[in-house]
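Enquirer: Right, I'll just put the structure down here and ask away after.
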Amino acid sequence: MTPTGTRALSVTKTVTVDAGRERAFAVFTERFATWWPKSHHIGAADLADAVIEPKVGGRWYERGVDGTECDWGVVLAYDPPARVVLSWHLQGDWSYDPDPARASEIEVTFTEEADGCTRVELVHRHIERHRGADDVVSGVDSPGGWTGILTDYAEAAS
(Lines give C-alpha, C1' and ligand atoms only; values in the text may rest on other atoms or scores of the structure.)
Protein backbone atom coordinates (compact mmCIF):
# COMPACT_ATOMS: atom_id res chain seq x y z
CA MET A 1 0.00 0.00 0.00
CA THR A 2 1.26 3.48 -0.81
CA PRO A 3 0.74 6.60 1.27
CA THR A 4 -2.24 8.77 0.32
CA GLY A 5 -1.43 10.79 -2.79
CA THR A 6 1.64 8.70 -3.67
CA ARG A 7 1.68 6.69 -6.88
CA ALA A 8 3.24 3.24 -6.92
CA LEU A 9 6.51 3.27 -8.86
CA SER A 10 8.08 0.24 -10.48
CA VAL A 11 10.35 -0.67 -13.37
CA THR A 12 10.12 -4.01 -15.19
CA LYS A 13 12.76 -5.36 -17.57
CA THR A 14 13.00 -8.73 -19.32
CA VAL A 15 15.94 -10.37 -21.06
CA THR A 16 16.35 -13.80 -22.67
CA VAL A 17 19.51 -15.68 -21.78
CA ASP A 18 20.96 -18.39 -24.00
CA ALA A 19 21.39 -20.77 -21.06
CA GLY A 20 19.32 -23.08 -18.90
CA ARG A 21 17.57 -21.83 -15.81
CA GLU A 22 20.14 -23.20 -13.34
CA ARG A 23 23.04 -21.49 -15.12
CA ALA A 24 21.07 -18.26 -15.56
CA PHE A 25 20.30 -18.18 -11.82
CA ALA A 26 23.88 -19.08 -10.81
CA VAL A 27 25.44 -16.38 -12.99
CA PHE A 28 23.01 -13.78 -11.63
CA THR A 29 23.60 -14.64 -7.98
CA GLU A 30 26.96 -16.43 -7.60
CA ARG A 31 28.86 -14.60 -10.35
CA PHE A 32 27.25 -11.21 -9.81
CA ALA A 33 30.57 -9.33 -9.90
CA THR A 34 31.48 -10.75 -13.32
CA TRP A 35 28.77 -8.74 -15.08
CA TRP A 36 27.87 -5.88 -12.71
CA PRO A 37 29.32 -2.60 -14.09
CA LYS A 38 32.46 -1.52 -12.22
CA SER A 39 31.25 2.08 -12.52
CA HIS A 40 28.12 1.31 -10.45
CA HIS A 41 29.28 1.64 -6.84
CA ILE A 42 28.49 3.92 -3.92
CA GLY A 43 31.75 3.62 -1.99
CA ALA A 44 34.63 6.06 -2.34
CA ALA A 45 36.97 3.32 -3.59
CA ASP A 46 36.73 1.65 -7.00
CA LEU A 47 34.62 -1.50 -7.07
CA ALA A 48 36.52 -4.74 -6.51
CA ASP A 49 33.60 -7.10 -5.89
CA ALA A 50 29.79 -7.14 -5.72
CA VAL A 51 28.18 -9.89 -3.65
CA ILE A 52 24.76 -11.44 -3.13
CA GLU A 53 24.96 -13.77 -0.13
CA PRO A 54 23.00 -16.95 -1.05
CA LYS A 55 20.46 -17.03 1.80
CA VAL A 56 17.43 -15.22 3.13
CA GLY A 57 18.72 -12.43 5.36
CA GLY A 58 22.05 -12.38 3.52
CA ARG A 59 23.72 -9.16 2.55
CA TRP A 60 23.82 -7.61 -0.91
CA TYR A 61 26.85 -5.33 -0.99
CA GLU A 62 29.96 -4.02 -2.67
CA ARG A 63 33.58 -4.32 -1.65
CA GLY A 64 36.00 -1.62 -2.72
CA VAL A 65 39.57 -2.16 -3.87
CA ASP A 66 40.64 -0.83 -0.46
CA GLY A 67 38.59 -3.54 1.33
CA THR A 68 35.77 -1.27 2.51
CA GLU A 69 32.24 -2.61 2.20
CA CYS A 70 29.03 -0.75 1.42
CA ASP A 71 25.66 -2.42 1.82
CA TRP A 72 23.04 -2.10 -0.92
CA GLY A 73 20.34 -4.22 0.70
CA VAL A 74 19.27 -7.61 2.02
CA VAL A 75 18.25 -10.92 0.42
CA LEU A 76 14.49 -11.24 1.06
CA ALA A 77 13.91 -14.51 -0.85
CA TYR A 78 16.36 -17.03 -2.26
CA ASP A 79 14.70 -19.82 -4.23
CA PRO A 80 17.18 -21.32 -6.74
CA PRO A 81 16.78 -21.58 -9.65
CA ALA A 82 13.36 -19.88 -9.74
CA ARG A 83 13.80 -16.46 -8.14
CA VAL A 84 15.68 -14.09 -5.89
CA VAL A 85 14.26 -11.01 -4.14
CA LEU A 86 16.52 -8.23 -2.87
CA SER A 87 15.79 -5.10 -0.89
CA TRP A 88 17.30 -1.92 -2.40
CA HIS A 89 18.24 0.65 0.23
CA LEU A 90 19.83 3.21 -2.09
CA GLN A 91 18.03 6.53 -2.09
CA GLY A 92 17.65 9.08 -4.89
CA ASP A 93 21.08 10.56 -4.09
CA TRP A 94 22.55 6.99 -4.12
CA SER A 95 23.17 7.03 -0.37
CA TYR A 96 22.37 3.96 1.74
CA ASP A 97 19.49 4.12 4.22
CA PRO A 98 19.13 1.04 6.49
CA ASP A 99 15.44 1.73 7.21
CA PRO A 100 13.34 -1.02 5.52
CA ALA A 101 10.43 1.44 5.26
CA ARG A 102 12.52 3.42 2.74
CA ALA A 103 13.66 0.41 0.70
CA SER A 104 12.31 -0.90 -2.59
CA GLU A 105 12.42 -4.52 -3.75
CA ILE A 106 13.94 -6.18 -6.77
CA GLU A 107 12.41 -9.53 -7.73
CA VAL A 108 14.18 -11.54 -10.42
CA THR A 109 12.46 -14.63 -11.83
CA PHE A 110 13.97 -17.25 -14.11
CA THR A 111 11.64 -19.12 -16.48
CA GLU A 112 12.99 -21.88 -18.72
CA GLU A 113 11.82 -21.59 -22.31
CA ALA A 114 11.24 -24.53 -24.67
CA ASP A 115 14.41 -23.81 -26.68
CA GLY A 116 16.72 -24.18 -23.66
CA CYS A 117 16.91 -20.44 -23.12
CA THR A 118 15.76 -18.70 -19.97
CA ARG A 119 13.51 -15.66 -19.72
CA VAL A 120 14.73 -13.46 -16.88
CA GLU A 121 12.29 -10.86 -15.60
CA LEU A 122 13.37 -8.16 -13.17
CA VAL A 123 10.73 -6.12 -11.35
CA HIS A 124 12.01 -3.22 -9.26
CA ARG A 125 8.96 -2.26 -7.18
CA HIS A 126 7.97 0.01 -4.30
CA ILE A 127 10.33 2.72 -5.52
CA GLU A 128 7.92 5.32 -4.12
CA ARG A 129 9.26 4.45 -0.64
CA HIS A 130 12.60 6.16 -1.36
CA ARG A 131 13.65 9.71 -0.70
CA GLY A 132 14.13 11.09 -4.21
CA ALA A 133 12.00 8.33 -5.75
CA ASP A 134 11.84 10.06 -9.15
CA ASP A 135 15.65 10.13 -9.24
CA VAL A 136 15.75 6.40 -8.47
CA VAL A 137 13.30 5.69 -11.33
CA SER A 138 15.22 7.83 -13.80
CA GLY A 139 18.46 6.08 -12.81
CA VAL A 140 17.29 2.47 -12.90
CA ASP A 141 15.09 2.97 -15.99
CA SER A 142 17.86 4.59 -18.05
CA PRO A 143 20.17 2.92 -20.60
CA GLY A 144 22.84 2.75 -17.87
CA GLY A 145 20.30 1.27 -15.46
CA TRP A 146 18.58 -2.12 -15.58
CA THR A 147 18.37 -2.22 -19.40
CA GLY A 148 22.12 -2.01 -19.92
CA ILE A 149 22.95 -4.01 -16.83
CA LEU A 150 20.71 -6.91 -17.90
CA THR A 151 22.24 -6.84 -21.39
CA ASP A 152 25.67 -7.30 -19.79
CA TYR A 153 24.27 -10.05 -17.58
CA ALA A 154 22.74 -11.89 -20.57
CA GLU A 155 26.09 -11.82 -22.39
CA ALA A 156 27.88 -13.20 -19.32
CA ALA A 157 25.31 -15.96 -18.79
CA SER A 158 25.10 -17.07 -22.44
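The values are calculated or read from the model by the stated rules, or taken from the named source; none is laboratory data. All values derive from a computational prediction rather than experimental measurement. Reconstructed Cβ throughout: ideal geometry from the backbone, glycine too, with neighbour counts over all protein chains shown.
Enquirer: Determine whether Ile106 is farther than 25 Å from Arg21 by Cα, of a type in the set (A, V, I, L, M) and modelled with pLDDT of 95 or more.
Expert: no
Enquirer: Restricting attention to strands (runs of 3 or more DSSP E) lying wholly within the range 39-142, give those where 1 or more residues are of a type in the set (Val, Ile, Thr), touching a strand residue (DSSP E or B) at 6+ places or on another chain (Cβ under 6 Å) and surrounded by 13 or more Cβ atoms within 10 Å (Cβ to Cβ).
Expert: Numbers: elements: 47-52, 59-64, 69-79, 83-88, 104-112, 118-125.
Result: 47-52, 69-79, 83-88, 104-112, 118-125.
Enquirer: In the range 143-158, what residues are assigned to a helix (DSSP H, G or I) and either polar (S, T, N, Q) or on the phi > 0 side of the Ramachandran plot (or both)? Before you say what the answer is, go through the steps one by one.
Expert: Taking the range 143-158 and keeping what is assigned to a helix (DSSP H, G or I), we get 143-157.
Those that are assigned to a helix (DSSP H, G or I) and either polar (S, T, N, Q) or on the phi > 0 side of the Ramachandran plot (or both): Thr147, Thr151.
Enquirer: For the range 105-151, what are the residues that are hydrophobic (A, V, I, L, M, F, W, C) and touching a Pro at 6+ places or on another chain (Cβ under 9 Å)?
Expert: Phe110, Ile149
Enquirer: Tally the residues that are out of contact with any Gly (no Cβ under 9 Å at 6 or more places or on another chain) and closer than 27 Å to Arg63 by Cα, restricting the search to the range 18-43. Full working, then the answer.
Expert: Going residue by residue through the range 18-43, those that are out of contact with any Gly (no Cβ under 9 Å at 6 or more places or on another chain) are 21-36, 38, 42.
Remaining after also requiring closer than 27 Å to Arg63 by Cα: 22-36, 38, 42.
Residues in the range 18-43 being out of contact with any Gly (no Cβ under 9 Å at 6 or more places or on another chain) and closer than 27 Å to Arg63 by Cα: 17 in total.
Enquirer: I've got another one for you. Please pick out the residue among Asp152, Asp135, Asp115 that is of a type in the set (D, E, K, R), without any contact (Cβ under 8 Å) to a residue 40 or more places away in the chain and out of contact with any helix residue (DSSP H, G or I) (no Cβ under 8 Å at 6 or more places or on another chain).
Expert: Going through Asp152, Asp135, Asp115 in turn, just one is of a type in the set (D, E, K, R), without any contact (Cβ under 8 Å) to a residue 40 or more places away in the chain and out of contact with any helix residue (DSSP H, G or I) (no Cβ under 8 Å at 6 or more places or on another chain): Asp115.
Enquirer: Further question: Give the number of residues within the range 14-28 that are crowded, with 20+ Cβ neighbours inside 10 Å and under 26 Å from Leu47 (Cα atoms).
Expert: The number of residues fulfilling the criteria is 6.
Enquirer: Here is a check on your reading of the model: is Arg119 at pLDDT 95 or above, within 23 Å of Ala33 (Cβ to Cβ) and touching a Ser or Thr at 6+ places or on another chain (Cβ under 8 Å)?
Expert: On the way: at pLDDT 95 or above: yes; within 23 Å of Ala33 (Cβ to Cβ): no; touching a Ser or Thr at 6+ places or on another chain (Cβ under 8 Å): yes.
Against the criterion (at pLDDT 95 or above, within 23 Å of Ala33 (Cβ to Cβ) and touching a Ser or Thr at 6+ places or on another chain (Cβ under 8 Å)), Arg119 does not qualify.
Enquirer: Considering only the range 103-128, how many residues are closer than 18 Å to Leu9 by Cβ and more than 16 Å from the chain's Cα centre (by Cα)?
Expert: Of the residues in that region, 1 qualify.
Enquirer: Now, a different point. Quick one: would you say Tyr96 is in contact with a Phe, Trp or Tyr (Cβ under 6 Å, 6 or more places away or on another chain) and not acidic (Asp, Glu)?
Expert: Considered against the rule, which asks whether it is in contact with a Phe, Trp or Tyr (Cβ under 6 Å, 6 or more places away or on another chain) and not acidic (Asp, Glu), Tyr96 comes out as no.
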